[in-house]
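Colleague: Below you'll find the structure I mean.
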Amino acid sequence: MAVIKHPAQRVGVFIDTQNLYHSAKHLYKARVNFANVLSEAVGGRTLVRTIAYVIKTDTGEETNFFEALTKIGIETKVKDLQIFADGAKKADWDVGLAIDAVKLAPKLDTVVLATGDGDFVPLIEYLDLNEGCQVEVISFGKSSSAKLKEAAHAFTDMCEDPKRFLIGHRG
């Protein structure tokens, strides 16, 4: 698919923070440089809104991280970590991210999903066919769904330049 990028293009960036965090930790034992992810996602176009979907734990140790995201211009939507009686934990923002992307789509030319989660393929299809949005994905290719990469109009593989997208990466 031909991808069109120009300065007047209105872009919304939706960040699946848990997905990127766990991919960086698993693949590189490092943390994500969200400022560089945002810069790459926007690509010199007109940024309308950036939302990162984050999880809050009982310890509150992530507060500094949330503040750092806000300082670089990323809005955070926070959900409490769910802990079930059997000890299982759930931290999932997929539906919230999808609903926000659908709600904001009429104000956007391009939606950028920062995730490798294949559950977002139906969202990409909807935004393309029903809203006329170009949908791009940025994530770590080694841990991204093949179907997600295929469905997107463009895929940026952060594994191609890990130093740019990671903090604490030693190569």
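Colleague: Among the strands (runs of 3 or more DSSP E) contained in the stretch 109-171, which hold 2 or more residues that are surrounded by fewer than 22 Cβ atoms within 10 Å (Cβ to Cβ)?
Modeller: 154-157
Colleague: Looking at the structure I just gave you, is His22 assigned to a helix (DSSP H, G or I) and more than 22 Å from Val112 (Cα to Cα)?
Modeller: no
Colleague: In addition: From the list Ile4, Ile15, which one is part of a loop (DSSP other than H, G, I, E, B) and in contact (Cβ under 8 Å) with a residue 60 or more places away in the chain?
Modeller: Of the residues listed, the single one that is part of a loop (DSSP other than H, G, I, E, B) and in contact (Cβ under 8 Å) with a residue 60 or more places away in the chain is Ile4.
Colleague: Mind checking which residues of the stretch 30-64 are farther than 19 Å from Leu113 by Cα and either touching a residue at least 40 places away in the same chain (Cβ under 8 Å) or small (Gly, Ala, Ser) (or both)?
Modeller: Answer for the stretch 30-64, where residues must be farther than 19 Å from Leu113 by Cα and either touching a residue at least 40 places away in the same chain (Cβ under 8 Å) or small (Gly, Ala, Ser) (or both): Ala30, Gly60.
Colleague: Which residues, taken from the stretch 93-126, are in contact (Cβ under 8 Å) with a residue 60 or more places away in the chain and among the charged types (D, E, K, R)?
Modeller: Result: Asp94, Asp100, Lys107, Asp109, Asp117.
Colleague: Filter the stretch 62-91 down to the residues that are modelled with pLDDT under 75 and outside any strand (DSSP E or B), then identify the one that is surrounded by the fewest Cβ atoms within 10 Å (Cβ to Cβ).
Modeller: Gly87
Colleague: Something else: Go through the stretch 1-55 and report how many residues are of a type outside the set (Phe, Trp, Tyr), crowded, with 16+ Cβ neighbours inside 10 Å and in contact with a Pro (Cβ under 9 Å, 6 or more places away or on another chain).
Modeller: 4
Colleague: Looking at the stretch 23-79, which of the residues that are closer than 19 Å to Lys103 by Cβ and among the polar types (S, T, N, Q) is farthest from the chain's Cα centre (by Cα)?
Modeller: Among residues in the stretch 23-79 that are closer than 19 Å to Lys103 by Cβ and among the polar types (S, T, N, Q), the one farthest from the chain's Cα centre (by Cα) is Thr46.
Colleague: Any chance you could count how many residues in the stretch 20-61 are at pLDDT below 95 and of a type in the set (S, T, N, Q)?
Modeller: Residues meeting the conditions: 2.
Colleague: Return the residues of the stretch 138-158 that are within 17 Å of Leu27 (Cβ to Cβ), touching a helix residue (DSSP H, G or I) at 6+ places or on another chain (Cβ under 6 Å) and not hydroxyl-bearing (Ser, Thr, Tyr); say none if nothing qualifies.
Modeller: Ile138, Phe140, Gly141, Lys142, Leu148, Phe155, Asp157, Met158
The values are calculated or read from the model by the stated rules, or taken from the named source; none is laboratory data. What you see is a predicted model, and the numbers here were worked out from it, not measured in a lab. FYI the Cβ positions are ideal-geometry reconstructions off the backbone, even for glycines, and counts take in every protein chain you see.
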